[in-house]
Amino acid sequence: MSENTQVAQVKKDISAQVLQKVQSFQEAGELTIPKDYIPANALKSAYIILSETKNRDGKLALEHCTQASIAEALLKMVIWGLSPLKKQCYFIMYGNRLECTPDYSGNIALAKRYGGLKNIKAQAIFKGDEFQFEVDGTTGRKKIVKHSQTLENLGSTDVIGAYAVIEMENGTHDVEIMNIKQIQASWQQGATNGASPAHKKFPDQMAIKTVINRACKLIIRSSDDSALMESEEEEAAKLSPTESEVKQTIQQNANTEPLDFEEAQVVEEVVDVSNSKVVEGNTTEMQFPTEPPFA
């Protein structure tokens, strides 16, 4: 592929139109953006990434995907408060539809923002490691009793499992543990079926991402709606939506109320294209947060 390629660029900037939509939601009190999140910056970086995003057939996302699906993907990114520049989310082409999917770092951000996660740390378990854990019969929580590794084992491709130690803001601790069969079953849900170069060369890092994703998604989905009942003063101080607000906004504003975007005109412009990570798969329904791939 040459360094420069002809890219059909929309004259009516979809990201700008999405920003207008977001602002209208905010003015109507239908959406609260996280205090440390700037939608305009996220949309600009997303648009740059989308300008370089292609499927395996070389079709550009901005040309091949419908404007409605592009707008919806961008809207979900903003509602979740995720940054594509920080690789907290990525865009996937499913035929002529574009989807926004949180990455593992995005799931950590969502779990901290909505679910009360304070800290999470994960480790891979290699063949030859001495690993023991126990389950509290009263609480059902797992606890790591012992994990001993040797220097030689670190970085081995012979991974037998992974675990994530979870610390919540309320002081509770928990552990998510997965063996290699569970991890590989999760990888099979992805577009590459766990056969990507990253999975082959760095199985320990991919296993860590997988167990973190599983732990965070449970936290996000089990978060409550207490923020909905806070006073105006508390809301003003917090400025952070809950999971139910995200769901409600997506359902009411992204699905039942179609985003109204003007039909774009295109002009030819030469754009430098760098390597970009693109995944293609079968069409799936978008949920909060989006499935799979734990990895």
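The values are calculated or read from the model by the stated rules, or taken from the named source; none is laboratory data. Please read all numbers here as calculations on a predicted model, not as lab measurements. As a convention, Cβ positions derive from the backbone with ideal geometry for all residues, glycine included, and neighbour counts pool all protein chains shown.
Of note:
- Pairs are defined by a Cβ separation below 8 Å, a sequence spacing of at least 6 or placement on different chains, a first member in segment 28-43 that is farther than 25 Å from Leu62 by Cβ, and a second member that is of a type in the set (Lys, Arg) and surrounded by fewer than 17 Cβ atoms within 10 Å (Cβ to Cβ); the pairs so defined are Lys35/Lys238.
- Some residue of segment 116-135 being under 23 Å from Asp204 (Cα atoms), of a type in the set (Phe, Trp, Tyr), modelled with pLDDT of 95 or more and surrounded by fewer than 17 Cβ atoms within 10 Å (Cβ to Cβ): yes
- Qualifying position, being within 30 Å of Ile33 (Cβ to Cβ) and modelled with pLDDT under 50, among Asn213, Asn170, Asn253: Asn253
Every residue, every condition in (1) part of a loop (DSSP other than H, G, I, E, B); (2) outside the structural domain of Glu169 (by TED's automatic domain parsing), yes or no:
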site	(1), (2)
Glu99	no, yes
Ala111	no, yes
Lys121	no, no
Ile125	no, no
Gly128	yes, no
Glu134	no, no
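- Among the residues of segment 118-161, the one identified as on the phi > 0 side of the Ramachandran plot and either among the charged types (D, E, K, R) or over 29 Å from the mean Cα position of the chain (by Cα) (or both) is Gly128.
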